[in-house]
Amino acid sequence: MPIATIVLATVNAPHSKQLDEEALVFCLKNPAAAKEVPGHMAAFFGEVELSLQKDFAHQFGISDMELVASAKAFSSYSGEHYPLAA
């Protein structure tokens, strides 16, 4: 099963609004957009396995440094602690 399919299934599972690959990538690159879908982002950083987070990000040209920055920004906003934001 493709990585994006696995990631999106986890991120979208509890939500009626479904994100596609492009929307999730946009949120990972834009902290303001991430704040608009906090449940999806919390699922990405908190429920998706770390290796899959990185694989998904790399597939869409997001570096480890950018992914960590995204995790830290969302962690700061949400008050949750995520492995990437440590």
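The values are calculated or read from the model by the stated rules, or taken from the named source; none is laboratory data. The shown structure was predicted, so the numbers you read here are calculated from the model rather than taken from an experiment. Glycine gets a Cβ as well: all are built from the backbone with ideal geometry, and neighbour counts include every protein chain shown. Only protein heavy atoms, including side chains, enter the accessible area calculation; ligands, DNA and RNA are left aside. Shrake-Rupley method; radii C 1.70, N 1.55, O 1.52, S 1.80 Å.
Quick notes on this structure:
- Per residue, the stretch 6-86 exposes an accessible area of 54 Å² to a 1.4 Å probe, with every protein chain left in place.
- Simple spin-label estimate for residue 9 and residue 63 gives 3.3 nm between the two label positions (7 Å along the Cα-to-Cβ direction from each Cα).
- Within the accessible area of the stretch 6-86 (1.4 Å probe), percent carbon and sulfur: 55
- Among 17, 72, 29, the largest mean-square fluctuation in a Gaussian network model of the chain, built with springs joining Cα atoms closer than 10 Å, belongs to 17.
- Pairwise centroid distance, computed over Cα atoms, of the stretch 61-83 with the stretch 1-49, Å: 13
- Summarising the label geometry, the points placed 7 Å from Cα in the beta-carbon direction at residue 49 and residue 81 lie 2.4 nm from one another.
- Radius of gyration and Dmax over the Cα atoms of the chain, both given in Å: 11.3, 32
- Mean separation of Cα contacts under 8 Å, 6 or more apart, over the residue count of the stretch 24-86: relative contact order %: 37
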